[in-house]
Each structure stands twice: as structure tokens, then as C-alpha cells.
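Q: If you scroll down you'll find the structure; I have some questions about it.
What follows is calculated from the coordinates using simple rules that are stated; it is not laboratory data. It should be emphasised that the depicted structure is a prediction, and the values quoted were computed from it without experimental measurement. Note that each Cβ is placed from the backbone with ideal geometry, even for glycine, and that neighbours are counted across all protein chains shown.
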Amino acid sequence: MKSLIFATNNKHKIEEATHILHDKYKLISLSELGFSDDIPETEPTLEGNASLKAWFIYNKFNTDCFADDTGLEVDALNGEPGVFSARYAGDTHDFSLNTSKLLGNLEGQTNRKARFRTVVSLIIEGVETRFEGILEGIIINERKGSHGFGYDPVFVPDGYTQTIAELPPDLKNKISHRALAMQKMADFLKI
């Protein structure tokens, strides 16, 4: 079985990626490598940050790897929070505060259209390939559901009546933006 570093310590992301990549790749998290330093996220785009993180880990460990960056893009807020989704309310990465700020900024807005967008940067033997996953939906006025994390409790995907946080985890893992991007990566790796 081949090994592939996933440049994250987020256990939700690792579980989702492990499910998608089946048993063809052994995913190695950064914590398994004993790496807990912050990886730079200084690029102004999701594509740039995913690439920056992947190259940082590839160059540090000289091993095939992938990284992702995800953002929530809200039409009425000109694409905010976008690349700053995790730090929308400050550098603490507090998603409760981020969600409160988002709902406050959307107060009185009738256009609630939004999308989650994930970009995955895969580096195999020094060659980078990127994959994108998009989940369209709307932002509702209040939090609902206890599954998921981040903005999931206020995001209702197109074609559904429940927030991502209300959907069963198995269904979320099939339709999510990250799952779509990782499935494209899996197809590329011919899993």
C-alpha cells in the first residue's frame, strides 16, 4: 500500500479522505509525523494556499502529499469570507464566532446564495495537480444540527431542506465540497 501525507491535523478531514481513498493509500497525518508547526497560509486564494501548504510539506518531508484549502463564498458579501473563512472573526479560528459574524453581516440580506469551495493540491514525485469541489446552497438565519463543523449548521445545500449539520455523516461525505474534490483526486490516482 502506498503512503500519502495529508497536510492536516484535522481529524474530520482525515476520516473523510480515508473513506474516499479506500484502502489503496495509507494516509499519514501531520501529527503522525510529529509535526505540529503552523503551515503558512499567506496566499490570497484557496488555490494558492492549498499549493503553498502542499509544497511546504513536500519539501520538508520529501514525500508525496496533498493539502486542501476550503472557503465559504457568499454572494451578498462579495465572496466573503472566502480564503479567510477559518479566521473570519479573528485569528482564533473560532467557528462559533465566525458563524455569528457571518449571520450578522447577512442581516437584512435577501440574497442568501453561497457555496463551499475546496481546492486540493496533490504533489506526486514533484508534480502538482489541483482538484476543485463546489457545493452550492444558501445560508439560513439560525444554526441547525449537530453534525459537521465550521459553517455547516447554517448552510443548506441546493436540493436539500436540511443544513449540512443535520444531514447524516455518510450523506455529507458523499455530497460535500471536500468529498467532491477528493473524489476527483481519487479518480486521478485511479483508485
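Q: Report the residue count in region 166-183 for those that are within 15 Å of the chain's Cα centre (by Cα), free of Cβ contacts under 8 Å to residues at least 60 places away in the same chain and buried (at least 18 other Cβ atoms within 10 Å of the Cβ).
A: The total comes to 1.
Q: A follow-up question, please. Has region 42-59 got any residue that is among the hydroxyl-bearing types (S, T, Y), under 19 Å from F84 (Cβ atoms) and loosely packed, with under 15 Cβ neighbours inside 10 Å?
A: yes
Q: Further, regarding this structure: Give region 159-178 a look and list any residue that's part of a loop (DSSP other than H, G, I, E, B) and β-branched (V, I, T), or say none.
A: Residues satisfying the conditions are T161, T163.
Q: How about region 110-158: which strands (runs of 3 or more DSSP E) wholly inside it have at least 3 residues that are on the phi < 0 side of the Ramachandran plot, of a type in the set (V, I, T) and crowded, with 21+ Cβ neighbours inside 10 Å?
A: Filter on region 110-158 gives 113-124.
Q: Here are the criteria: (1) surrounded by 13 or more Cβ atoms within 10 Å (Cβ to Cβ); (2) in contact (Cβ under 8 Å) with a residue 40 or more places away in the chain. Tell me which single one K101 does not satisfy.
A: (2)
Q: Say whether the condition of being more than 26 Å from D158 (Cβ to Cβ) and touching a Lys or Arg at 6+ places or on another chain (Cβ under 8 Å) is met by at least one residue in region 83-92.
A: Checked against the condition, which is being more than 26 Å from D158 (Cβ to Cβ) and touching a Lys or Arg at 6+ places or on another chain (Cβ under 8 Å), region 83-92 yields at least one hit.
Q: Pairs, please: C-beta under 6 Å, at least 6 apart or cross-chain, first residue among the basic types (K, R) and in region 1-25, second in a strand (DSSP E or B)?
A: Qualifying pairs under 6 Å: K2/Y25.
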